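Remarks on the structure that follows.
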Amino acid sequence: MLSRALLIGLTVALALIRHRSPLALWDVLDAQWYTGIATHGYSWSLDGKPALAFFPLYPALIHLVMGTGMPAVAAGLVIANLCIAAALAYLRGLLSLQWGPALARRGVWLFALFPTAFFTFAPYTEALFLLAAIAVLYHCQRGQLAPAGLWLAVAVLTRSTGLILVAPLLMSSLWRGPHRFAVAFGPAACAVAGYVGYLLWQRLPLWQVIGSEERWHRSLTYPWTGFSTSLQYLVHHATFNAGWTAENLVQLSTTLLFLGLTYGAWRYLAPSVVVYCVGFWIVVLSTPEWRDGYFAPFSSVDRFVLALFPLAGWAASRLAPRQFAGWITVSSALMTGAAAVHLSGGWVG
């Protein structure tokens, strides 16, 4: 696909310019956590922060692939790109259920070339989580509770936000009778129990899983706290650090933009998809990076909104052919530029 070709070409070019290994360019920020956990386990730490903030499935898969002799970063890249290939196939199927094949194809293009979609190439959990989330919604809409339940188990072992998929699956299982609960939720319950059992076996404190995000300034709060904290920073510190102010404005603007897009699209989406999107916003708005006066409470929202993949079909239905072609061109350029910043050690998402 075009996005993979652009990112591979960019990686090779930057590696030559910076005289670094192409793999080393991708081993930055959160990728270091996943490869570190895969290599050393949860007793490992970076900058004194708890590794338990990162869920186990993706590092476990990296560790498994490393058994073939592949370096950790390479293993992470291979897993991510296999997952996003499957995720895009599922996305096309999901969008086709409501919008038809033609708009589904356009929706996949919009999603694959979104400005922060390069994270689905990187050794991050984006690709694995998206695969699981899209698969859950696809199988829910087709009334297939068994595969939906298996993908829910993958989601909850990949990210804490996998819990937002419980509500759509609950809706589907209630529609088909409470006796189907075991089929729908049994795999996820077993997965969570297995993870807890592993932590107990390793004598790792369970409380660190619950409170680990506080080291990244996140904790549960009111859904308006992120907005008020963002505005307070801009009012009192906007001239203190131009970079921090720009990050605050970008993430705040992205949050408001996608809240508006979600509101505009919800009446055209399937009920289970609407519930999923509402769950996404409950999590995002209730867990901003607001503690300790952090300068960008909605930090990483430009990456998190990839999880609003159902909006791609609605957006494709709203764009005329020329508008669609123009946006694809602009978005591809933005994605390449954002990826270049990321690979150069800058902060994006």
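Details
- Any hit, region 262-274, residues being within 15 Å of the chain's Cα centre (by Cα), closer than 24 Å to Ala87 by Cβ, part of a helix (DSSP H, G or I) and of a type in the set (Phe, Trp, Tyr): no
- Breaking point among (1) under 21 Å from Asp27 (Cβ atoms); (2) surrounded by fewer than 20 Cβ atoms within 10 Å (Cβ to Cβ), for Ala325: (1)
- In this entry, Arg20 is excluded by the filter for residues that are in a helix (DSSP H, G or I), charged (D, E, K, R) and surrounded by fewer than 16 Cβ atoms within 10 Å (Cβ to Cβ).
- Region 16-52, residues that are at negative phi, modelled with pLDDT under 90 and small (Gly, Ala, Ser): Ser43, Ser45, Ala51
- Evaluation of Ile134 against (1) buried (at least 23 other Cβ atoms within 10 Å of the Cβ); (2) farther than 21 Å from Pro271 by Cβ (one fails), failing number: (2)
- For region 200-230, the tally of residues that are assigned to a helix (DSSP H, G or I), of a type outside the set (Phe, Trp, Tyr) and in contact (Cβ under 8 Å) with a residue 12 or more places away in the chain stands at 10.
- Of all the listed residues (Ala191, Ala184, Ala153), the sole one being in contact with a Pro (Cβ under 7 Å, 6 or more places away or on another chain) and in contact (Cβ under 8 Å) with a residue 12 or more places away in the chain is Ala153.
- For region 23-54, a residue qualifies if it is outside any helix (DSSP H, G or I), among the acidic types (Asp, Glu) and surrounded by 15 or more Cβ atoms within 10 Å (Cβ to Cβ), and exactly one does: Asp27.
- Condition check for Thr229: in contact with a Phe, Trp or Tyr (Cβ under 8 Å, 6 or more places away or on another chain), closer than 30 Å to Pro56 by Cβ and among the β-branched types (Val, Ile, Thr): no
- Among the numbered conditions (1) closer than 25 Å to Arg92 by Cα; (2) in contact with a Gly (Cβ under 7 Å, 6 or more places away or on another chain), the only one that Gly186 does not meet is (1).
- Only one of the numbered conditions (1) closer than 19 Å to His342 by Cα; (2) within 23 Å of the chain's Cα centre (by Cα) is not met by Lys49, and that is (1).
- Boolean, Phe280 is in a loop (DSSP other than H, G, I, E, B) and touching a residue at least 24 places away in the same chain (Cβ under 8 Å): no
Conditions tested, residue by residue: (1) modelled with pLDDT under 95; (2) surrounded by 15 or more Cβ atoms within 10 Å (Cβ to Cβ).
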| residue | (1), (2) |
| --- | --- |
| Leu145 | yes, yes |
| Trp151 | no, yes |
| Ala155 | no, yes |
| Thr158 | no, yes |
| Leu165 | no, yes |
| Ser173 | yes, yes |
| Pro178 | yes, no |
| Pro187 | yes, yes |
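- The sole residue among Ala265, Ala270, Ala246, Ala238 that is modelled with pLDDT under 90, farther than 30 Å from Gly41 by Cα, out of contact with any Asp or Glu (no Cβ under 6 Å at 6 or more places or on another chain) and aliphatic (A, V, I, L, M) is Ala238.
- Candidates Pro288, Pro297, Pro223 - the one that is surrounded by fewer than 18 Cβ atoms within 10 Å (Cβ to Cβ) and more than 23 Å from Leu137 (Cα to Cα): Pro223
- Filtered residues of region 310-322 (kept if farther than 19 Å from Phe258 by Cα and part of a helix (DSSP H, G or I)): Pro321, Arg322
- Verdict on Val305 being in a helix (DSSP H, G or I) and either of a type in the set (Ser, Thr, Tyr) or under 25 Å from Leu131 (Cβ atoms) (or both): yes
The values are calculated or read from the model by the stated rules, or taken from the named source; none is laboratory data. Just so it is clear, the model here is predicted, and its values are computed rather than measured. In this analysis, Cβ positions are derived from the backbone assuming ideal geometry, glycine residues included, and neighbour counts consider all displayed protein chains.
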